[in-house]
Structure formats: C-alpha cells, structure tokens
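Structure first, then comments.
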Amino acid sequence: YAVKVPEFLSGIGRGVETHIPKLETAIGDLLKLLVARTLRLKKFGIPCKHRKLILKYSHKYRLGLMET
C-alpha cells in the first residue's frame, strides 16, 4: 500500500493539511516529500511551524516509527 501526500499530511494534522493542494502539485509523490529540505518547503510558502512538523514526521516515517 503506497501512502499518498494528502494522506501523509492529514495524518500529521495541526493545520498542515491546508498545504495539501500546494504540495501535491509541486512535489507530487511522497518519496520526494520525504527527501525535501526546509528551503524547498519555504519556497512553496509553508510557514515555519508547519515546515518543522513536516520534517519531523517525515523523519519518523523514514525510520519506520510512524504509520499512516
């Protein structure tokens, strides 16, 4: 089962799901989101709090600690 970007961001919660359309069109798949860095997310206009949450949970997902 492949996790999609909207499912991943809505799994994080805390308002991050408001950026689903922006990130889905700009990045596309979850693998690219998992390796994205903060400057790339900043280019898309994502606020600092949400960038930190996305990076924190993508690290957890890479380690296998988070299931969506």
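The values are calculated or read from the model by the stated rules, or taken from the named source; none is laboratory data. Quick caveat: nothing in here was measured; it's all calculated off a predicted structure. Backbone-built Cβ (ideal geometry, glycine too); neighbour counts: all protein chains shown. Surface areas here come from the heavy atoms of the whole protein model, side chains and all, with no ligands, DNA or RNA. Shrake-Rupley method; radii C 1.70, N 1.55, O 1.52, S 1.80 Å.
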Inset, instruction - Please give every one of the lysines within straight-line cross-link reach of Lys4, meaning a C-alpha to C-alpha distance under 17 Å, and leave out same-chain neighbours fewer than 8 residues apart. - result: Lys22, Lys32, Lys60
Legend entry - GluC sites (Glu not before Pro) within the chain, DSSP loop, no more than 14 other Cβ atoms inside 10 Å: Glu67
Inset, instruction - Kindly report the accessible area of the chain per residue (heavy atoms of protein chains, probe 1.4 Å, no ligands, DNA or RNA), in Å². - result: 65
Legend entry - Of [x] 7.5; [y] 4.9; [z] 4.0, the label for mean projected area of the Cα convex hull in nm² derived from the coordinates: [z]
Legend entry - Sequence of Val3, Val16, Val35 from largest to smallest accessible area, 1.4 Å probe: Val35, Val3, Val16
Inset, instruction - Work out, step by step, the length gained on full extension between Arg62 and Leu31: first 0.36 nm times the residue separation, then minus their alpha carbon distance; give nm to one decimal. - result: 10.2 nm
Inset, instruction - Pick out, from Gly45, Tyr57, Phe8, the residue whose Cα sits farthest towards the positive end of the charge dipole of the chain, with +1 on the Cβ of Lys and Arg and -1 on the Cβ of Asp and Glu. - result: Gly45
Inset, instruction - Return the carbon/sulfur percentage of the accessible area of the chain, one whole number, probe 1.4 Å, all protein chains in place. - result: 58
